[in-house]
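Structure first, commentary second.
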Amino acid sequence: MPITSGIHHVAYRCKDAKETVEFYRDVFGMEYTTAFAEDHVPSTGEYDPYMHVFLDAGNGNVLAFFELPNQKVMGRDENTPKWVQHIAFRVNSVDELLAAKARAEARGIEVLGPTDHGIFKSIYFFDPNGHRLELAADTGTAEEYAELKRVAPDMLEEWSRTKKAPQHAAWLHEKARAAHAKTRIGE
């Protein structure tokens, strides 16, 4: 059965629910909408007090967090590089991306980027829980997105066989490098 109504919410763990709500409210302007607090997990019945907070991430998207004070200290998958697991939010333009970067840096947050991915530009930083966040502004054309969709099945098949980066969309990286070189020349 295909899922046609979208994602209801995405949930992550947090160290401190109040600090997390304040971060997403103050840095991203997300509205804090809902909280559930229980002493027993509804799905299993086990005793494990928690606070579950929900934030409106726009366009019907909800980002949620659990604070679990009786569990071991929150960690991360040490076998996965920090850059892999992240939450990416869309912004409407590169100007909005740069403004968000300036706001984050003004709060003392270390920001990486913008990075040009050929069809979008993005910045990266971490929330107070150690979750990597990305803000991305689309820059690609309809034709570029259509070409990426067209070659995606072939790329997956080649990757599955070889575990080496297929070159079906090498133009994407060449475009990003050319834009980067052009920017450097203009500096």
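The values are calculated or read from the model by the stated rules, or taken from the named source; none is laboratory data. On a predicted model such as this, the values are computed, not experimentally measured, just so you know. Using ideal geometry, Cβ is built from the backbone for each residue, glycine included, and neighbour counts are taken over all protein chains shown.
Between a residue in segment 10-22 that is of a type in the set (K, R) and surrounded by 14 or more Cβ atoms within 10 Å (Cβ to Cβ) and any residue that is modelled with pLDDT of 95 or more and in a strand (DSSP E or B), which pairs come within a Cβ distance under 6 Å, given they are 6 or more apart or on different chains?
Qualifying pairs under 6 Å: R13/F66.
Within segment 30-39, can one find any residue that is at pLDDT 95 or above, surrounded by 12 or more Cβ atoms within 10 Å (Cβ to Cβ) and under 16 Å from the mean Cα position of the chain (by Cα)?
Yes, that holds for at least one residue.
Is it the case that some residue within segment 96-118 is out of contact with any Phe, Trp or Tyr (no Cβ under 9 Å at 6 or more places or on another chain) and hydroxyl-bearing (S, T, Y)?
Checking segment 96-118: not a single residue is out of contact with any Phe, Trp or Tyr (no Cβ under 9 Å at 6 or more places or on another chain) and hydroxyl-bearing (S, T, Y).
Among the listed residues L172, L148, identify the single one that is in a helix (DSSP H, G or I), touching a Gly at 6+ places or on another chain (Cβ under 7 Å) and either surrounded by fewer than 12 Cβ atoms within 10 Å (Cβ to Cβ) or touching a residue at least 12 places away in the same chain (Cβ under 8 Å) (or both). Break it down stepwise before answering.
Details: L148 fails: touching a Gly at 6+ places or on another chain (Cβ under 7 Å).
On inspection, the qualifying residue turns out to be L172.
Name every residue in segment 25-67 that is aliphatic (A, V, I, L, M) and closer than 30 Å to R103 by Cβ, in order of residue number.
Of all residues in segment 25-67, those aliphatic (A, V, I, L, M) come to 27, 30, 35, 37, 41, 51, 53, 55, 57, 62-64.
Passing the criteria: V27, M30, A35, M51, V53, L55, A57, V62, L63, A64.
Taking the conditions exactly as written (farther than 30 Å from E19 by Cβ, surrounded by fewer than 12 Cβ atoms within 10 Å (Cβ to Cβ) and among the β-branched types (V, I, T)), does T80 satisfy them or not?
Numbers: farther than 30 Å from E19 by Cβ: no; surrounded by fewer than 12 Cβ atoms within 10 Å (Cβ to Cβ): yes; among the β-branched types (V, I, T): yes.
No; evaluated as a whole, the condition is false for this residue.
Pull up segment 110-128, narrow it to residues that are small (G, A, S) and at pLDDT 95 or above, then point me to the one that is nearest to E143 (Cα to Cα).
Within segment 110-128, the first condition is being small (G, A, S), and the residues that meet it are 113, 118, 122.
Add one more test, that the residue is at pLDDT 95 or above, and what stays is 113, 122.
Details: G113: 26, S122: 21 Å.
Applying the filter and picking the extreme gives S122.
Between a first residue in segment 59-77 that is at pLDDT 95 or above and a second residue that is of a type in the set (V, I, T) and buried (at least 16 other Cβ atoms within 10 Å of the Cβ), which pairs have beta carbons less than 7 Å apart while being 6 or more apart in sequence or on different chains?
Pairs that qualify, where the first residue is at pLDDT 95 or above and the partner is of a type in the set (V, I, T) and buried (at least 16 other Cβ atoms within 10 Å of the Cβ), are A64/V53; F65/T20; F65/V53.
Can we say T44 is over 30 Å from A106 (Cβ atoms), surrounded by fewer than 14 Cβ atoms within 10 Å (Cβ to Cβ) and either among the hydroxyl-bearing types (S, T, Y) or in contact with a helix residue (DSSP H, G or I) (Cβ under 9 Å, 6 or more places away or on another chain) (or both)? Let's see the steps before the verdict.
Working: over 30 Å from A106 (Cβ atoms): yes; surrounded by fewer than 14 Cβ atoms within 10 Å (Cβ to Cβ): yes; either among the hydroxyl-bearing types (S, T, Y) or in contact with a helix residue (DSSP H, G or I) (Cβ under 9 Å, 6 or more places away or on another chain) (or both): yes.
When the stated conditions are applied, T44 passes them.
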